[in-house]
Every structure is written in structure tokens, then in C-alpha cells.
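Undergrad: First the structure, which I've put down as C-alpha cells, then a few questions once you've had a look.
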Amino acid sequence: MSTLAVASEEDRPLDAMVRAIAQAARTAGHRMGLADGAARDAALRGAAAAIRRGANEILAANAKDMAFAAEKGLNAAMQDRLLLTPDRVESMAQGLEQVAALPDPVGRILAAWERPNGLKIARVSVPLGVIGIIYESRPNVTSDAGGLCLKSGNAAILRGGSESLHSSTAIVECLQAGLREAGLPAEAVQSIPTRDRAAVGAMLRMADLIDIIVPRGGKSLIERVMRESRIPVIAHLEGNCHVYIHEKADPDAARRITLNAKMRRTGVCGAAESLLIDRKIAAQQLPAIVDDLSAAGCEIRGDQTAQSIDRRIVPATDADWDTEYLDAIISLKVVDGLPAAIEHVNRHGSHHTDTIVTDDGAAAERFLAEVDSAIVLHNASTQFADGSEFGMGAEIGISTGKLHARGPVGAEQLTSFKYVVRGTGQTRP
């Protein structure tokens, strides 16, 4: 064996940088957990004001990221995820204000009872601690995630995608300005200032400083995080979402919902990727739906029955039923009724968001009960899969797991609890 000393992971410059950030976050997180809710809300409002003041700087930073993305050859949907406009910047500011207006999720008495021996026991909500968020492309996640961690008394370490580095850095500076104005530690929201992917690995190893990892991005990112992380993970898996048009669907509603679910924004996780339609109505309703999708520039990949109804539908492969396109493409299958639709969604979906279009209340209730997804809808677009649309102000992601949090992860979902026991001198016999 060589007598040369082998450098530890933390001796490498990048690992040392990430560890220094995490240590600062740990210290800041302790202060945030003890901070008054009014101070945290003041920081959020201050951050919103800083985003409005710095809108031009944020847009200039985003322009650099867009140029970098074009050089990398990102497709149109991914560039749309990355793009910031004045309206989107204003939406970030409004989102922070909406989060500030929510009830304080910290210090809530979740349950309380008294034992026969006089002990008074309460289950009280507390912050999770230091949360590492690893995400791709969308710079508004920086604002949403940082703001939600701030609201819930946590510290956040943000590692955005390489293509959003400039935008995310500018937004973090606004969040930190709000923290300083409120007398809270700026280190409660930090970003990893590098495009080096090794920074992700460094974060995933620091179980002594980071309490939770939240990955938000494509399948390869999620798989890597879940494979390598030494830290518990709240996973935001891919969104292979379905629209199912039941035989008793209103034709106009089916057209509106399908078009919106697929084409409102194709690059978001709540975009519909698969369309199911009952065989009894396919010949009557499908051509008009194809009209709408085709006019919007969507490619439709269908089974043989669908192709026989409309020649604009191209053949689907088995892989299409399991694919999250994040693009103007949708898979289409003609199914033999409600049970077949439910079976298809549970088999091929990603347990994210699925909707049924029908005027049959019993069919809707069965779909809502039997589809095993984090979000199930009746007569509404899958694009409502969003924390702000749920009244949460924002979200850190859509959890498709079943432990701790499921569905939109807002401020309340970024807390845990502890038991507080008050006695009068009791000893256990």
C-alpha cells in the first residue's frame, strides 16, 4: 500500500466549498427555527420588493442563461422553462407575498392530550432543518423553494441547473436582501455557485449537515439522487400525466381540457402526456380533439384504433405509453371503458397527476378513488398540478412518493414535529 496520504472528500476544493455552505446553513437554520413568524414573513415581503427592484438585473442575468441554453441546444420546451419575462418575474414576487400571507406552519399544536398521571403531551410542528434542493432549468424554482423554506423556518441550499446559474444567483441575492432587512441570517438561503455536477455529489454525501434532499428535474437527475444520496429524499418524479375522456364526457369540455392539459405549457410536470378515450365515443369525439391539438402544433401518436379514426395520428410504440415528453407530443389510446382506463393509468403513469372528463358522478368517484396518483382530478386540466393553484402560494415540487409528503410540497409539508411533554415532578414507577 502506498504511504502517500489519500485526500479525504472534504479536502477537495469543491467539497470544501459545499461543506462551508452547509455549515453556514446549519447555523442559520437554527436561528430560523427560533425566529418569530412575523420576522420570516417580513423577510418574504422584503424579498418580493427586492425582486421588483432588481427585475432588470434578473432579466439581464436570464438573457445570459438563455444564450448559454441556445449554445447547448436545449429544445424549445426546455428553453421555455428557463425563460423569464417581466410577467414571470412579477409572478415570483407575488408568489413570495402569497406565501407570507399563509398561516405560520411552525409551532402549531397538531394534537394535545393529558395522561392519567398528569403529564401533558403536545405534538408540535417544527422545521425540518437544512433542505438541499437540486433542480433543473426553471429559475422560478429558486424563488419558490427559497421562499417556502424561509416561511417554514428552514435553511435552504439551492443547486439549480447549469443553464440557470446567472438567473438563480440574481434571485438568491434578492432573497438574501429580504432576510437581512428582517434581521435574519442571509445564509438561510444560499446557492451553489458552480456548474460543476460534482457539487451534487458533494451535497448528497453531507448527511451530517443536510437533513432533507429535494430533487426536481428529469428522470436521470431523480434516479441519480435516489441512488447516491445518504440523506432522506422527497422525490419529485417525472410527470407522465393522463387525460381520460369517459363515454359520458361533455364533448366541449373534453376538447377544452385536453388542449389546455397538453398545450398550455408543454414543459411543466403537470402537462398531459397521454390521452385515453372510450371506444364508444372515439369515432364521434376524437376528430375534433385531433383538430385542436394539430392546430396547436402537437404530434399525436396513437394505437391502431385511433389511427383508423384519424389519419393524422401516427403510430405509437410501447415506449410511448411510459414517456414524459415535455414537448408538443401526446400518446393516444382507445380503451374499453373505465376499468381499462384505470388499469392503464396505474400501470403506465408516474403517480403524478391524472384527470377524468365525465358527467357521470359515479364514474368520476371511482376514478378518483382507484387511480393511485398524488393528484387526481375530475373535469379539470392536469395543469392545475401546482402549489400556487392549490392555495399554497408556491411549491417546492410535486412529491410522487407516499412518505412524509405527497402532491404539492408547500411550507406546511416542509415541517416535521416533536413531542413536548410537561410534568409536575412525575417519575415512572
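The values are calculated or read from the model by the stated rules, or taken from the named source; none is laboratory data. Just so it is clear, the model here is predicted, and its values are computed rather than measured. Using ideal geometry, Cβ is built from the backbone for each residue, glycine included, and neighbour counts are taken over all protein chains shown.
Condition check ((1) in the same structural domain as residue 257 (by TED's automatic domain parsing); (2) of a type outside the set (A, V, I, L, M, F, W, C); (3) closer than 18 Å to residue 282 by Cβ) across all residues:
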| site | (1), (2), (3) |
| --- | --- |
| 302 | yes, yes, yes |
| 317 | yes, yes, no |
| 323 | yes, yes, no |
| 338 | yes, no, yes |
| 346 | yes, yes, no |
| 350 | yes, yes, no |
| 354 | yes, yes, no |
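Undergrad: Which condition breaks for residue 237 when tested against (1) within 30 Å of residue 188 (Cα to Cα); (2) more than 28 Å from the chain's Cα centre (by Cα); (3) not basic (Lys, Arg)?
TA: For residue 237, the failing item is (2).
Undergrad: Is one or more of the residues making up region 288-306 of a type in the set (S, T, N, Q) and in contact with a helix residue (DSSP H, G or I) (Cβ under 9 Å, 6 or more places away or on another chain)?
TA: Scanning region 288-306, I find at least one residue that is of a type in the set (S, T, N, Q) and in contact with a helix residue (DSSP H, G or I) (Cβ under 9 Å, 6 or more places away or on another chain), so the answer is yes.
Undergrad: What's the total number of residues in region 241-297 that are under 29 Å from residue 83 (Cα atoms), in contact with a Gly (Cβ under 8 Å, 6 or more places away or on another chain) and among the acidic types (Asp, Glu)?
TA: Number of matching residues: 1.
Undergrad: Quick one: which residue in 427, 382 is without any contact (Cβ under 8 Å) to a residue 12 or more places away in the chain and either touching a His at 6+ places or on another chain (Cβ under 8 Å) or β-branched (Val, Ile, Thr) (or both)?
TA: Selected residue: 427, the only one of 427, 382 that is without any contact (Cβ under 8 Å) to a residue 12 or more places away in the chain and either touching a His at 6+ places or on another chain (Cβ under 8 Å) or β-branched (Val, Ile, Thr) (or both).
Undergrad: If you check 195, 205, 216, which single one turns out to be free of Cβ contacts under 8 Å to residues at least 40 places away in the same chain and either crowded, with 24+ Cβ neighbours inside 10 Å or among the basic types (Lys, Arg) (or both)?
TA: None of the others qualify; the one that does is 195.
Per-residue answers, yes or no, for (1) closer than 29 Å to residue 211 by Cβ; (2) at pLDDT below 95:
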site: 14; (1), (2): yes, yes
site: 19; (1), (2): yes, no
site: 24; (1), (2): yes, no
site: 35; (1), (2): yes, no
site: 46; (1), (2): yes, no
site: 62; (1), (2): no, no
site: 69; (1), (2): no, yes
site: 76; (1), (2): no, yes
site: 86; (1), (2): no, no
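Undergrad: Which ranges mark the strands (runs of 3 or more DSSP E) fully within region 149-240 that have 2 or more residues being more than 30 Å from residue 372 (Cβ to Cβ)?
TA: Here the list reads 155-159, 189-191.
Undergrad: Here's a follow-up. Going by what's in this entry, would residue 83 be described as touching a residue at least 60 places away in the same chain (Cβ under 8 Å) and either in contact with a Leu (Cβ under 9 Å, 6 or more places away or on another chain) or of a type outside the set (Gly, Ala, Ser) (or both)?
TA: Judged against the criteria, residue 83 is not a match.
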